[in-house]
1. What does the net charge come to around Leu32 if you take all other residues with beta carbon closer than 12 Å to its beta carbon, with K and R at +1 and D and E at -1?
2. To make sure I understand, if each residue's beta carbon is the centre and we count other beta carbons within 10 Å, what order do Ser10, Ser133, Ser272 fall in, fewest to most?
3. Can you pull out the trypsin sites (Lys or Arg not before Pro) in region 254-352 whose DSSP state is coil and whose Cβ has at most 15 other Cβ atoms within 10 Å?
4. Calculate, for Leu59 and Arg307, the FRET efficiency according to 1/(1 + (r/R0)^6) with r their C-beta to C-beta distance and R0 56 Å; round to the nearest 0.05.
5. Order these by the 10 Å Cβ neighbour count, fewest first: Glu21, Glu38, Glu264.
6. Could you please rank Phe86, Phe127, placing first whichever residue has the fewest other Cβ atoms within 10 Å of its Cβ?
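FYI, it's all coordinate maths here, none of it is from the lab. Owing to the predicted nature of the structure, the values given are computational and were not obtained by experimental measurement. Note that each Cβ is placed from the backbone with ideal geometry, even for glycine, and that neighbours are counted across all protein chains shown.
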Amino acid sequence: MRIFAIHAGSVTENLGTTLEELRLPAPGFLWLSCNRAEFEQMQHRLQATLQRLCGLQLLNLHVSDLLNQQLPSRFDYTSQYDMLVFRRLAESQVDATLAPAAPRSSKRSGPPLLRRIDTRAVGLVVFDQLLLSVHPDDCSQRDSYAQRLLAAGGNPAPAALPEGHTAGARDLPGSPADLMLRLVNHMVDGFLALRRELSHQLDHWQTELIDPKTRFTNWRTVLDARQTLHQLDEICDDQRSAIQDWIEALKTWPQSEGHLGQQERDLLQVRSRDVLEHIDRVVHHVSQLERNAETAVQIHFNAQSHRTNEIMRTLTVLTAVFLPLNLIAGIFGMNFDFIPLLHRAYGFWLAMGSMGLIALGLIVFFWRKRYLDRSAAR
């Protein structure tokens, strides 16, 4: 478990403080962060700490929701606290989307197969002066944001920050709800990175599908991509519904001394709409990728149909050219005693010349009818 105190423009991590020794900072709030296994083991101590610091405990139903790994993104609230469950990408998936692509072994190896979207539920409970976050066992995303938060608060983390990773946390969150929205926005960034990877892979497949000289065989991967996009769309829909419920609940917060002022409430609404806009961007791009995949498949089949029509047209022209030639050859092959030109010295050459003229005339006729033109797309 990691405990952070955010107050007066600074962030400190209570490394040696136990739950029983925790005190709320006079101006500021606490962030209690643990993984799901720690929460299950320490839930009684956490409940006692919440009772001592906030004057209430989590409901048993909400405790069960925080322990549930399969719970979809959802929002729930009571008169004293709000709870948001938000599904994020698993760490292995995030690492794969953010890592640079490995060099390909062959020229036509193509992109790797799409993995099924794997998500984990993160529970966030917002009190007046405390934020409780329950993460899956892999907490690297939490540690990454905590590192940025410590750096923004003037407390450098043990490890150096990657270049460009401190701009999002220069201004410290002013309330537990603000910190929750920043964490959610950090999770949505992983879906944006995944969207870019899916876009690159679909672009690769579109190039292969449209190229008439290649025989596309990765139909199973295209089907997996469509299923992945559909699953990603369902996940984003749940996330969008949860954030919308949070925005509606935020509008009903009472304007009292125990809650935020009007300026802080307006800031939360703006940040909430910003998170919702990021989710809408993911949904929009996923829908666009689904349409692109469908369009690429339709273009592929249309191209194959056009190619088949060209082949059949060529075969039809050849058949039409040789049909009268076969007729002439068949007439001279009849078993009659007397056939004109059969016993003439020039009969063979006359027949061959006639067949050549007929073939040439038919070829010119079909050429003028544009039956033998090459496709303009070649």
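1. +1
2. Ser10, Ser272, Ser133
3. Arg344
4. After rounding to 0.05, the efficiency reads 0.30.
5. Glu21, Glu264, Glu38
6. Numbers: Phe86 25, Phe127 22.
Result, fewest neighbours first: Phe127, Phe86.
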